[in-house]
């Protein structure tokens with residue numbers, strides 16, 4: 001990828017690392033978030049949504 | 001050139017047919033206003049991520065950005081990390097609470113967080129004006145593309161673009177918008193994955209590098225330096241982090257975890273598109289070094305270097321980028337009008353509001369056609385500045401409001417007005433230091449927010465409890481032991 005120059009090659013590597021790093025963080029923090037209770041309970045949300 | 005090509009005409013017709021089928025299917029799933037505005041909060045992470053990415057990418061990403069890479073080389077790709085930092089701010093400080101809040105519109109968040117119908121109406125009005133006018137730019141892009149490809153009059157191109165988009169938004173609402181975005185994202189990725197190997201059959205990466213380097217050594221080097229890249233990062237990152245047409249997507253997803261994963265999938269799509277447009281821009285420069293203007297690079301590549309079916313897919317991806325942006329903006333501005341402005345004054349049933357919103361999509365979709373044809377100077381001004389003005393208006397209101405309990409309604413109103421005014425003033429001052437107006441806009445809105453909030457009363461615990469878990473716990477404890 002560096003045949004197209006350093007900016008291109010470095011960007012490809014940055015993009016791959018960013019995406020992988022983000023998914024690692026998101027999956028870890030997602031597990032923690034699932035344990036936290038939601039803002040509205042189902043009844044409140046259904047009432048406001050008219051359903 | 002494509003006017004007589006049956007493959008391309010067939011691809012365009014098939015594309016529009018898929019949009020119509022998706023909209024009819026979505027319309028059949030839509031049971032009421034909430035379904036219409038939030039897709040029944042049923043969107044998963046992959047479709048949601050595609051929706052976030054496709055809404056962000058407009059005709060400019062394909063036509064303009066390939067053109068910039070053609071002209072300046074690869075270093076322009078470094079604007080994307082700035083954009084991704086904006087998405088990261090959204091993922092960290094905005095998305096989880098927004099998704100959990102479960103509202104319907106962005107102004108509704110303002111109303112519920114600050115207990116202020118006034119602040120909510122100001123927000124709705126800005127969205128309505130800025131986005132309705134901004135649509136003219138997308139219509140102009142659609143008109144130009146159909147004019148270039150089929151030799152159709154400009155107005156016909158505009159009418160085809162908005163006709164199909166208005167139809168699927170009216171029928172299918174946010175669900176149709178999300179699934180057509182997903183379809184558009186598949187086309188975007190598919191066309192690049194098909195186009196790049198074909199380009200590599202013509203030229204190896206080494207040849208592309210050598211040819212472009214011989215034309216101008218800066219094409220394979222740092223044409224844009226650190227200062228430029230930081231400028232891009234601030235402008236794009238601040239603009240996207242709280243863009244209302246993206247925030248509205250967060251309401252469509254099932255929960256905070258789905259939203260976080262969706263932002264990850266949007267990164268995957270954006271990364272593929274970013275790498276592809278940089279590669280194709282430089283490849284086109286190597287193959288056709290002396291084009292009259294860089295804006296024709298994507299069209300020349302599609303027509304002269306790729307087989308009709310792949311070239312056609314690239315150009316359909318451009319049309320898809322326009323329809324996905326237009327549909328997202330139509331949904332947000334129509335909801336701002338009927339749900340937040342009219343609905344705040346007149347009591348309407350759920351069914352009446354649903355049909356009023358559909359009617360608003362039609363009206364707000366048609367107004368920009370006249371604006372585009374009249375060529376008002378004000379329209380060009382709003383089109384140019386809308387991202388900076390909207391970000392200067394919303395960034396502090398959303399990010400501070402979701403993360404600082406001391407934020408007050410008067411603080412929010414002050415930050416909106418000061419941020420908007422500062423961005424406007426910075427623009428008219430000729431953008432000193434080459435700094436985008438969004439930077440002073442957001443900076444001053446933060447200061448105004450903090451100062452005014454320190455002097456005014458915070459909203460009630462009921463309002464704070466919608467966004468702060470610790471406030472919810474206090475309320476529950478108080479309810480459990482009323483005698484204390």
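Summary table
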item	result
Directionally averaged shadow of segment B:127-239, computed from the convex hull of its alpha-carbon atoms, nm²	11.0 nm²
Centre separation in Å (Cα based) which lies between segment B:211-285 and segment B:4-47	25 Å
Cα-only Debye scattering, segment B:75-138: base-10 log of I(q)/I(0) at q = 0.21 Å⁻¹	-0.98
Peptide-level mean, for A:18-26, of C-beta atoms on other protein chains within 10 Å	6
Estimated inter-spin distance, residue A:23 and residue B:230, nm [label 7 Å along Cα→Cβ]	3.3 nm
Neighbour-count order for A:20, B:20, fewest beta carbons within 10 angstrom listed first	A:20, B:20
Residues B:304, B:216 arranged by fewest to most Cβ contacts within 10 Å	B:304, B:216
Spread of Cα-to-Cα distances over 10 Å intervals beginning at zero, given as percent, for the protein assembly as shown	4, 18, 29, 28, 15, 5, 1, 0, 0
Full-extension gain in nm, residue B:429 to residue B:288, via 0.36 nm per residue minus C-alpha separation	46.8 nm
Chain B, helix-only ellipticity at 222 nm - DSSP H runs n ≥ 4, -39,500 (n - 2.57), divided by all residues, nearest 500	-25500 deg cm²/dmol
Model label zone, residue B:476; criterion: amide N under 17 Å from point 7 Å along Cα-to-beta-carbon; scope segment B:98-122	B:100-101
Neighbouring partner chain Cβ atoms per residue of B:259-272, average, 10 Å criterion	4
For B:273-286, mean number of other protein chain Cβ atoms within 10 Å	2
Chain B - Rg (one decimal) and Dmax (whole number), Cα, Å	22.8, 82
Global geometry of segment B:224-282, whether rounded, prolate or oblate, following the gyration tensor of its Cα atoms and the 1.5 cut on a/c	oblate
Separation between Cα centres of segment B:142-196 and segment B:400-432, rounded to whole Å	35 Å
Taking B:246, B:377, B:206 and counting other C-beta atoms within 10 Å, the order from fewest to most	B:377, B:206, B:246
C-alpha center-to-center spacing [segment B:60-93, segment B:348-365] in angstrom	35 Å
Among B:100-111, B:441-452, the order from most to least packed when residues are scored by Cβ within 10 Å on average	B:100-111, B:441-452
Virtual spin-label span in nm between residue B:13 and residue B:362, 7 Å along Cα→Cβ	2.8 nm
Relative packing of B:235-243, B:426-434, B:6-14, which averages over residues the other C-beta atoms within 10 Å, highest first	B:235-243, B:6-14, B:426-434
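FYI, it's all coordinate maths here, none of it is from the lab. Note that the structure is predicted; figures quoted are calculated from it, not measured. Don't worry about glycine lacking a Cβ; one is built from the backbone with ideal geometry, like all the others, and counts go over all protein chains shown.
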